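J.: First, the structure itself, so that you have it in front of you.
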Amino acid sequence: LRQETEAALAAAADLRAWDAVRVGTLGKSGRVTALLKGLGAVPAEARKARGAALNRLKTELETAIEARRVALESAALEARLAAERLDVSLPPRPNAPGTAADGAIHPISRTVEELTAIFGAMGFAVAEGPDIEGDWYNFGALNIPEHHPARQDHDTFYLPAGPDGRRPVLRTHTSPVQIRTMLSQEPPIRVIVPGRTWRADHDATHSPMFHQVEGLVIDRDITLGHLKGCLIDFLRAFFAIADLPVRFRASYFPFTEPSMEVDIGWDRKSGELGKGSDWLEILGSGMVHPRVLANCGIDPRVWQGFAFGMGIERITMLKHGMADLRPFYESDVRWLRHYGTGP
Ligand code: PHE
């Protein structure tokens, strides 16, 4: 038995084969176990000597089995180290131009660059604001007072209260930058505001951090016609579909009056934009509410304007036919190579 076990151990080339030997020897129905179990049937005078001999055998085999495990494991480690060996003296491999390894542009940045170019050509400048906002900027000045039902739609992340007793928020939209811009600039104003926004929501199409782009135009005699023309031109340019159907649908936002949601035509089944007969909601917009203008010290009898806001991930996913939002934030180089662009 000892010799057979030792031979089997030596023949075991990997841990699986080794484990079979171990179980067959020391396991519940192993050979040594069976011999020990048979002790009861041995005549009493021989039992003591046989028991001692069997225990010695068992200890020896345990030692041999354990030694083989250590040997197999260190051999496996050696093999892995050899296989994963890197020659650090090799020159770097050339990167294919335009791949992520070569420094590709992330799809979010790419969309922001496209937005900036399209609106830039229409005379818009880019404005920015902080991610951590005061309650008044994110809500109050936008005509969303405390206890307004619209606050519930925002799944707001609140931060600990400051010295004024009010809790700052992670901005739930880019609209507070409308307020900051109107407070710091004299009209006429034409800005877009790309940036991070935050809402406590998480699934395949919602992330607690996402991006929006806001638009704001303030001038004399601005009408709904300007809003419609501007957004139709933008959507057709961004999706590169000259006859993309665009529909304006009456809606409600506290900070615009009237408010409109904008839909584009698509084929729901194939996901193709500009085809089929279905509508897809793509952005919110409206004429800046006179109370919002007044909150910023702008006289609504002299100045009017329009504003709009949309999700950057959303328009990026639609443009490129992406199904899942999460890879935007996972830094998977294969995904970045696929959807990113060269510098
Ligand atoms: N801030 C709104 C949202 O996040 C979008 C919007 C912006 C609507 C500007 C109208 C005007 O849903």
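The values are calculated or read from the model by the stated rules, or taken from the named source; none is laboratory data. As the structure is a computational prediction, the values presented were derived from the model and not from experiment. Ideal geometry is used to build each Cβ from the backbone, glycine not excepted, and the neighbour counts take in all protein chains shown. Please note that ligands, DNA and RNA were not included when accessible areas were found on the heavy atoms of the full protein model with its side chains. Shrake-Rupley method; radii C 1.70, N 1.55, O 1.52, S 1.80 Å.
J.: I want the local charge near residue 319. Using Cβ-Cβ distances under 14 Å, sum +1 for each Lys or Arg and -1 for each Asp or Glu among the other residues. Please list the in-between numbers first.
T.: Details: positive: 110, 236, 314; negative: 113, 114, 272, 313.
So the surrounding residues net to -1.
J.: If contacts are Cα pairs under 8 angstrom and at least 6 residues apart, what is the relative contact order of the chain in percent?
T.: On the way: 521 pairs, mean separation 58.3, N = 343.
Here the relative contact order equals 17 percent.
J.: Evaluate the Debye formula for the chain with equal point scatterers sitting on the alpha carbons, no solvent, and hand back log10 of I(q)/I(0) at q = 0.06, 0.08 Å⁻¹, in q order, two decimals.
T.: Evaluating at q = 0.06, 0.08 Å⁻¹ gives log10 I(q)/I(0) of -0.45, -0.58.
J.: Dipole magnitude of the range 129-172 about its Cα centre, charges +1 at Lys/Arg Cβ and -1 at Asp/Glu Cβ only, in debye to the nearest 20?
T.: Working: 4 positive and 7 negative charges, 11 e Å.
So the dipole magnitude of the range 129-172 works out to roughly 60 debye.
J.: Over 17 Å apart: what share of the alpha carbon pairs of the range 119-205 falls there, rounded to a whole percent? Please report the intermediate quantities before stating the final value.
T.: Details: 1994 of 3741 pairs.
I get 53 percent for the Cα pairs in the range 119-205 exceeding 17 Å.
J.: Given 0.36 nm per residue, what is the gain on full extension from residue 93 to residue 16 after removing their alpha carbon distance, in nm?
T.: Details: separation 77, 0.36 × 77 = 27.72 nm, distance 3.84 nm.
Residue separation times 0.36 nm, minus the Cα-Cα distance, leaves 23.9 nm.
J.: What is the local net charge at residue 177, summed over the other residues whose Cβ is closer than 12 Å to its Cβ (Lys, Arg +1; Asp, Glu -1)?
T.: Values: positive: 171, 180, 196; negative: 128, 131, 133, 214.
My count for the surroundings of residue 177 gives -1.
J.: Now, a different point. For a quick protection proxy, order the peptides 80-88, 253-261 by their average other-Cβ count within 10 Å, most packed first.
T.: Values: 80-88: 7.2, 253-261: 19.9.
So the order, starting with the most tightly packed, is 253-261, 80-88.
J.: So what is the diffusion coefficient of the range 159-280 in µm² per second by Stokes-Einstein at 25 °C and 0.890 mPa s, using a Kirkwood Rh over Cα pairs?
T.: On the way: Rh = 17.1 Å.
D, rounded to a whole number, is 143 µm²/s.
J.: Follow-up question, since we're still on this one. Counting only protein heavy atoms and using a 1.4 Å probe, what share of the accessible area of the chain belongs to carbon plus sulfur, as a whole percent? Numbers along the way, then the final one.
T.: Details: 10330 of 19050 Å².
Within the chain, the accessible surface is 54 percent carbon and sulfur.
J.: Order of 224-237, 167-180 by packing, highest average Cβ count within 10 Å first? Spell out each step's value before the answer.
T.: On the way: 224-237: 17.4, 167-180: 23.1.
In descending order of packing, they fall as 167-180, 224-237.
J.: Of 81, 130, 9, whose Cα points farthest to the positive end of the dipole of the range 4-136 (charges on the beta-carbon: +1 Lys, Arg; -1 Asp, Glu; origin at the Cα centre)?
T.: Toward the positive end, the furthest listed residue is 9.
J.: Another question, then. Mind giving me the FRET efficiency for residue 204 and residue 252? R0 is 22 Å, r the Cβ-Cβ distance, nearest 0.05 is fine.
T.: Values: r = 27 Å, r/R0 = 1.24.
For R0 = 22 Å, the calculated efficiency reads 0.20.
J.: May I pose another question? Around residue 127, with a cut-off of 11 angstrom between Cβ atoms, what is the net charge of the other residues, counting Lys and Arg +1 and Asp and Glu -1?
T.: Within the 11 Å Cβ shell, the charges total 0.
J.: Then there's this: Dipole of the chain, Cα-centred, from +1 at each Lys and Arg C-beta and -1 at each Asp and Glu C-beta, to the nearest 20 debye? Don't jump to the answer; show the numbers that get you there.
T.: Details: 40 positive and 43 negative charges, 354 e Å.
Dipole size: approximately 1700 debye.
J.: When the dipole is taken about the Cα centre of the range 177-264, and only Lys, Arg (+1) and Asp, Glu (-1) are charged at their Cβ, what size is it in debye, to the nearest 20? Working shown, then result.
T.: Values: 9 positive and 11 negative charges, 20 e Å.
Dipole magnitude for the range 177-264 comes out near 100 debye.
J.: Determine the gain in length on full extension of the stretch residue 113-residue 7; use 0.36 nm per residue of separation and subtract their C-alpha separation, reporting nm with one decimal. Numbers along the way, then the final one.
T.: Numbers: separation 106, 0.36 × 106 = 38.16 nm, distance 6.98 nm.
Extending this stretch completely gives an extra 31.2 nm.
J.: At 7 Å along Cα-to-Cβ for each site, give me the label-to-label distance between residue 125 and residue 223 in nm.
T.: 2.8
J.: Pairing the Cα long axis of helix 224-238 with the longest principal axis of the chain, what angle in degrees results, from 0 to 90 and rounded to the nearest 10?
T.: That helix lies at roughly 40 degrees to the long axis.
J.: Next question, about the same structure. Rounding to the nearest 10 and keeping the result within 0 to 90°, find how far the Cα-based axis of helix 44-83 lies from the longest principal axis of the chain.
T.: 40
J.: Please work out the average accessible area per residue across the chain, using the 1.4 Å probe convention, and give it in Å².
T.: Values: 19050 Å² over 343 residues.
Normalised by residue count, the accessible surface of the chain is 56 Å².
J.: Taking just the alpha-carbon atoms of the range 215-276, what radius of gyration and Dmax come out, in angstrom?
T.: For the range 215-276, the Cα-based Rg and Dmax read 13.4, 44 Å.
J.: Under the 0.36 nm per residue contour assumption, what length would be gained going from the current alpha-carbon distance of residue 338 and residue 183 to full extension? Let's see the in-between values first.
T.: Numbers: separation 155, 0.36 × 155 = 55.80 nm, distance 4.20 nm.
Working it through step by step, the gained length comes to 51.6 nm.
J.: How tilted is helix 2-11 with respect to the longest principal axis of the chain? Cα atoms for both, answer in degrees (0 to 90, nearest 10).
T.: 30
J.: Right, something else. Using a Förster distance of 45 Å, how high is the FRET efficiency between residue 41 and residue 85, based on the Cβ-Cβ distance and rounded to 0.05? Each step should come with its number before you reach the end.
T.: Details: r = 57 Å, r/R0 = 1.27.
The formula returns an efficiency of 0.20 here.
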